[in-house]
1. Would you mind stating whether residue 352 is in a loop (DSSP other than H, G, I, E, B), more than 23 Å from residue 155 (Cα to Cα) and among the hydroxyl-bearing types (Ser, Thr, Tyr)?
2. Looking at (1) closer than 18 Å to residue 51 by Cα; (2) at pLDDT 90 or above; (3) within 20 Å of the chain's Cα centre (by Cα), which one does residue 299 not meet, given that it meets all the others?
3. Does residue 160 count as without any contact (Cβ under 8 Å) to a residue 60 or more places away in the chain, surrounded by fewer than 24 Cβ atoms within 10 Å (Cβ to Cβ) and either part of a strand (DSSP E or B) or in contact with an Asp or Glu (Cβ under 8 Å, 6 or more places away or on another chain) (or both)?
4. May I ask you to verify whether residue 133 is of a type in the set (Phe, Trp, Tyr), in contact with a His (Cβ under 8 Å, 6 or more places away or on another chain) and either outside the structural domain of residue 169 (by TED's automatic domain parsing) or at negative phi (or both)?
5. Can you name the condition, by its number, that residue 240 falls short on among (1) out of contact with any Gly (no Cβ under 8 Å at 6 or more places or on another chain); (2) within 15 Å of residue 48 (Cβ to Cβ)?
6. Among the listed residues 211, 164, which satisfies the condition of being among the basic types (Lys, Arg) and within 24 Å of residue 337 (Cα to Cα)?
7. What is the residue count in the stretch 384-407 for residues that are in a helix (DSSP H, G or I) and small (Gly, Ala, Ser)?
Amino acid sequence: MLYSLYEAQHAALAPLRLMAEVSRGWFGHPFSPLAHLPGSNRVTAGSDLFLRVTQRYEKPAWGIEDVIIDGASVPVSIEVAQEMPFCRLIHFRRELPTWRNDPRVLVVAPLSGHHATLLRDTVRTLLPDHEVWVTDWIDARMVPLAEGVFHLDDYVDYVRSFIRLLSPELNVISVCQPTVPVLAAISLMADAGETFAPKTMVMMGGPIDARRGVTVVNNLATKKPHSWFEQNLISRVPAKYPGYMRRVYPGFMQHLGFVAMNPDRHLNAHYDYFNHLLEGDDDSAESHRRFYDEYNAVLDLPAEYYLDTVKTVFQDFALPKGQMVVRDTLVRPEAITQTALLTIEGALDDISGYGQTEAAHQLCKSIAMEHREHYRVPRVGHYGIFSGRRWRELIYPRVREFIRKAR
């Protein structure tokens, strides 16, 4: 019902959107006589803002077509290394003239509402020095019901499958949500005595132990019973999508959650955008568009996976308590001995609070101290851990050095 109401609301806005689009053209086109009337720029700016606030945002393109290596531009192509019902493992192949023995890196992107393209800056920064693969999760509304369900255990299985495919000499970077299933996957592989352990695991801003540094996200999960999430946040995909009747946690609900965490910030950003349009500040307006084109592009999560994550990670705290079970097997991080560990946290992270990721060190107690590092990044929030100037200038050099030191 919730999803159908959302679709109906979007359809109801169609006439208003058409009027706004026409208005923007009439009052904004330089060859239109209406563009020279007093106040025409306000009509144009208002129409543009209305269209952006009410439009649907599709998955953005990666936009990584080349990378600078040794001072030269090297073309980059995207290949599907392995395709599974809920995820494509993609490889950013660098068309190098000669072979380079660069470290292999698997970037496990979060399945928490945004598309993997949110890590565009992460990937672009890694590419000059690494061979990079990324988990490109598929919008659950696009997965036919015949493909079955997708639980947190399936997520762990996917990660194990990708690690096996890309090993040996593999390094794994997990950003935010996947720190828990990635640690579980590597723990299970180590406990089973599998031959190819990752050389390193880099965990960035994730809820390994959500009891620490409690945030708004943690409070919501602990204040509501598990049944509340299933009864109020889960919907079935409408008939217009391939995943018709699949139970999902809709992306638009997650987006509302993102916005509700900092409503004033988003309101001010849109007000500033309106003023940039009035002032003809095209650079600032374009910067706003780029950010929100990515931020507003969300995907649906499989309901089983979402509910498993709420219970296992944010209510039961199963991993730090030593009680997490995958396919009837206890997850034992202390079984990891051959994989070096780097944890990274932002001092201003309001999603994964300080100490949540660092907790991995207490769990992975069999890793030698000289193969473990923790980095708390000053003046950095959640998204700044993997994107932006501080990621490129402060965090990435540490990641690169840590990976190379483990070779």
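1. Values: in a loop (DSSP other than H, G, I, E, B): yes; more than 23 Å from residue 155 (Cα to Cα): no; among the hydroxyl-bearing types (Ser, Thr, Tyr): yes.
Here the answer is no, as residue 352 does not meet what is asked.
2. Tallying (1) closer than 18 Å to residue 51 by Cα; (2) at pLDDT 90 or above; (3) within 20 Å of the chain's Cα centre (by Cα), residue 299 fails exactly one: (1).
3. Details: without any contact (Cβ under 8 Å) to a residue 60 or more places away in the chain: yes; surrounded by fewer than 24 Cβ atoms within 10 Å (Cβ to Cβ): yes; either part of a strand (DSSP E or B) or in contact with an Asp or Glu (Cβ under 8 Å, 6 or more places away or on another chain) (or both): no.
So residue 160 fails the test.
4. Numbers: of a type in the set (Phe, Trp, Tyr): yes; in contact with a His (Cβ under 8 Å, 6 or more places away or on another chain): yes; either outside the structural domain of residue 169 (by TED's automatic domain parsing) or at negative phi (or both): yes.
For residue 133, the condition - of a type in the set (Phe, Trp, Tyr), in contact with a His (Cβ under 8 Å, 6 or more places away or on another chain) and either outside the structural domain of residue 169 (by TED's automatic domain parsing) or at negative phi (or both) - is met.
5. Failing condition for residue 240: (2).
6. Numbers: 211 fails: within 24 Å of residue 337 (Cα to Cα).
Unique residue meeting the criteria: 164.
7. Matching residues across the stretch 384-407 total 1.
Conditions (1) in a loop (DSSP other than H, G, I, E, B); (2) surrounded by fewer than 23 Cβ atoms within 10 Å (Cβ to Cβ); (3) of a type in the set (Lys, Arg), marked per residue:
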position: 129; (1), (2), (3): yes, yes, no
position: 156; (1), (2), (3): no, no, no
position: 174; (1), (2), (3): no, no, no
position: 184; (1), (2), (3): no, no, no
position: 210; (1), (2), (3): yes, no, no
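The values are calculated or read from the model by the stated rules, or taken from the named source; none is laboratory data. Note that this is a predicted model, so its numbers are computed, not measured. Note that we place each Cβ from the backbone using ideal geometry, even for glycine, and neighbour counts take in every protein chain shown.
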